[in-house]
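Some notes on the structure that comes next.
No value in this document is a laboratory result; all are computed from the given coordinates. Since we're looking at a predicted model, the values are computed, not measured. Because the Cβ atoms are built from the backbone with ideal geometry, glycine has one as well, and the counts that use them run over all protein chains shown.
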Amino acid sequence: MLRSLQQPRRSWLITAPTNTTGPSGRCLQFDYSIGGLGVEWLEVLLVTYHSENINEALKNSSVPLDYQVMPLWRTKQTTHGEWQGAQVTFSTLHEHSLVFSAFPDTHYAKYHGYVAMDDLSFTDGPCQQDCMFDLDLCSWSNSETTDDFDWKIGRSSEKRGTGPSRDQASSLITRITTGGYAYVDSSYPRQPGDVAWLVSATLEPTTEPLCLHFWINMHGGGMGSVRVLQMPLNSPVESKELWRLWKGASWGTDTWYPCQQTVASTEEFQIIFEASVGVPGAGDVGLDTISFSRGACPSLPLSSSPGWGDCTFLDDTCSWQVPSITSSYDCNFLSRVAGNKYNPPGHTESVYEITDMYMKFNLNCYKTHARDRAALVSPVITTSSDLCLSFWVFMYTNIASQIHVGALRVVLQSTEKNTTLWRLQNQQHAGWTYAQVSIPAASSVRVAIEGIQGPKVMGMIGIDDIAFFPLNCKLKPTLATVQVADCTFDHDLCTWELQKTNQTYTSSIDKWQLATGDKILRDHTFDADGGGFGYLESFNTQHTSRLKSSLLPQNQTFCLTFWFSEIYPDHSAKLSLIRLVAGNEEVVWSALQSTITNPPVAVDNDATWRYAQVLLENQDSDYQMIIEGRVTRSAWAIDDLLFIPNREDCRLHPPYARP
């Protein structure tokens, strides 16, 4: 009989039938690990039984079994083999079982995958900070001093045309006995503008963002507003609004809607649900099923966010601007897509069955070329404090021999300049990767998430579930870290500039420039034709050209890594790296072509990229780096300059480059 409960293509781990939880509910805590390509999601289900002889029905398939299944928790995120903890609060007045259900990913059916569970425990009462309001307000409480009236526990509205008729859980499964919910009564003696605060217990500082989940019912023609506030414990006057449904934002029907908001703080804090009165007696607000989960999440509904740009892409691109490109062959470089046999599933998680949409950079579009780019641009952002931008990234191709996919970067756009804050390039792994980066406090800026085409490849770069929240956050993944002087030469010389000299250039190629068109060398970043690297060339006339970086910070050690190539035989050709501190120059790396072997340059040899690195010890003041190239009848090429902070192993390479 257990097999008859199980859905096709799913693996179930089910508990024995258990008696009612009582109105206080119960907390399930567990650790889980998900790895491999073959898993699409893991979920926890509540199975409620409505038969009298449950044990007999489970043993004997001839005895009918009446039951209903309700989803409680779901994740689509791989843990990459690590253990993660989770908790789920549930409440039912029926005999029930809990089910762990794992679902395979049909896109990667031929690959292995696993789900592991450990350390399952049950405790009476809700999980910490969760509340289902079936018995009371749990660890939440009404404010005694700051508001005008209180939240109450309700079972069903006593007024027609306003308020919930049932709690959230029983509204999904009608045969479940009605539980409770929290609500505000807007009738007399309430006045327009009166507010009620429901305040959480003290929450500890968060090492990573949390997602606050809750359900709202706004039924009635005279609704006020509902807000979620975050209040620092030591500075109550500095409360921040995280989420708001505006005055009059009734959904028109007696329906519970899922809502969520990212919360994060570096100090102890409390969460406040604030409901205000619109027209007295014409609209009651219901609140139910509060829970927390790990990780950031886009605000739901999207209209509740402060306007920075949260988006799940389920319905549209929200307020993000997308290039207006049309094609009769449906081959746009950037477009909104759904998962299908050509595209992997999106990242958005929901207890409902949804058509998940996300933004895709198509790496096999016939119209694009290497280093072509397109950007998703946010609305104008104005904030007095730092924000954290979080999103999910998919960068992958099924071609095992191809690692060069393209790049994705986050750019802060202002009227003065564009600044790259985050950059990830080339193949990662076959799954969605969490990313985050801090956006500094600023007035009237935009954020662009820009995709850059690599070579033509059957693959994609995807973006999903964008969320902003107030926090100066640590950049993730660390591979996406950028420094101000980094340069991959995709489209320009980045922040590097030609240093003025007394030398007169006789042609356009005898000074450092961006290589364009077909050269003897493919770029190192993407292994693609058409340029995309720094280039210096001269024939029969000796020339020296210098590129100077932007300022590098003092008291910071870097390992400078880069790739270079010598092109055409010229024993006098020389490439040097020079540190400029307070007007004094110091050569830290230098290579003569005559000392380069492995193999020696010959006219008929293809040029080869060579790896180099040099340690840049911390200085007492800001400084600059200079790349100096000397050529007579040859050329130098450089690419992928990266300044890696605090790298321990940074021995000079190649050894012959010692100045």
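The table for this structure:
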read-out	value
Cα gyration tensor category, rounded, prolate or oblate, for segment 1-106 with a/c compared to 1.5	oblate
Karplus-derived 3J(HN,Hα), 6.51/-1.76/1.60, for each residue of segment 83-88, Hz, glycine and proline x	8, 10, x, 8, 9, 9
Linear extension gain, LYS367 paired with SER385, 0.36 nm per residue minus alpha-carbon span	2.4 nm
Cα shape, the chain, gyration tensor, a/c 1.5 rule	prolate
For ASP486, distant residues with modelled amide H under 5 Å away	PHE643
Packing-based order for 293-306, 553-566, 470-483, using average beta carbon neighbours within 10 Å, highest first	293-306, 553-566, 470-483
Percentage relative contact order, segment 497-657, counting C-alpha pairs under 8 Å, at least six apart	33 percent
Partners for LYS152 among aspartates and glutamates (Cα-Cα distance below 18 Å; same-chain residues under 8 apart left out)	ASP130, ASP134, ASP136, GLU144, ASP167, ASP185, ASP194, GLU274, ASP284, ASP288
Listed peptides 22-29, 456-463 by packing density, highest first (mean Cβ within 10 Å)	456-463, 22-29
Karplus-derived 3J(HN,Hα), 6.51/-1.76/1.60, for each residue of segment 66-76, Hz, glycine and proline x	9, 8, 9, 10, 10, x, 10, 7, 8, 9, 10
Calculated FRET value between SER293 and HIS653, using beta carbons and R₀ = 51 Å, to 0.05	0.65
Sequence-distant residues sharing a close amide H with GLY163 (under 5 Å, placed H)	HIS219, ASP284
Taking segment 2-124 and dividing mean pair separation by its residue count, relative contact order in percent (alpha carbons under 8 Å, at least six apart)	48 percent
Pairs beyond 18 Å (Cα-Cα), from LYS519/LYS574; LYS367/LYS456; LYS360/LYS476	LYS519/LYS574; LYS360/LYS476
Net length gained if the chain between SER444 and SER61 were fully extended (0.36 nm per residue, minus Cα distance)	131.3 nm
Neighbourhood charge, 9 Å Cβ-Cβ cut-off, centred on SER634 and excluding it, Lys, Arg +1 and Asp, Glu -1	-2
Label point 7 Å beyond Cα of ASP622 along Cβ direction - residues of segment 540-564 with amide nitrogen under 13 Å	549-555
Exposure proxy ranking, count of Cβ atoms within 10 Å, fewest first, for ILE452, ILE381, ILE520	ILE520, ILE381, ILE452
Fewest-first ranking of HIS94, HIS571, using other Cβ atoms within 10 Å as the exposure measure	HIS571, HIS94
Within the chain, helix-based [θ] at 222 nm, where runs of 4 or more DSSP H residues each add -39,500 (n - 2.57), nearest 500	-500 deg cm²/dmol
Mean Cβ count within 10 Å, highest first, over the residues of peptides 636-642, 619-625	636-642, 619-625
Most positive-pole-ward Cα, THR21, TRP73, SER91, against dipole of segment 2-124 from beta carbon charges	TRP73
Total formal charge among the other residues, if their Cβ is under 12 angstrom from that of ASN540, Lys/Arg +1 and Asp/Glu -1	-2
Relative contact order, percent, the chain [alpha-carbon distance under 8 Å, six or more residues apart]	9 percent
Amide H within-cut-off set for VAL587, under 5 Å, with H built and near neighbours excluded	ARG579
Karplus 3J(HN,Hα) series, Hz, for segment 286-300 with 6.51 cos²θ - 1.76 cosθ + 1.60 (x for Gly, Pro)	x, 10, 8, 6, 7, 8, 10, 9, 6, x, 6, 8, x, 4, 10
Sum of side-chain charges, THR289 neighbourhood, beta-carbon under 11 Å (Lys, Arg +1; Asp, Glu -1)	-4
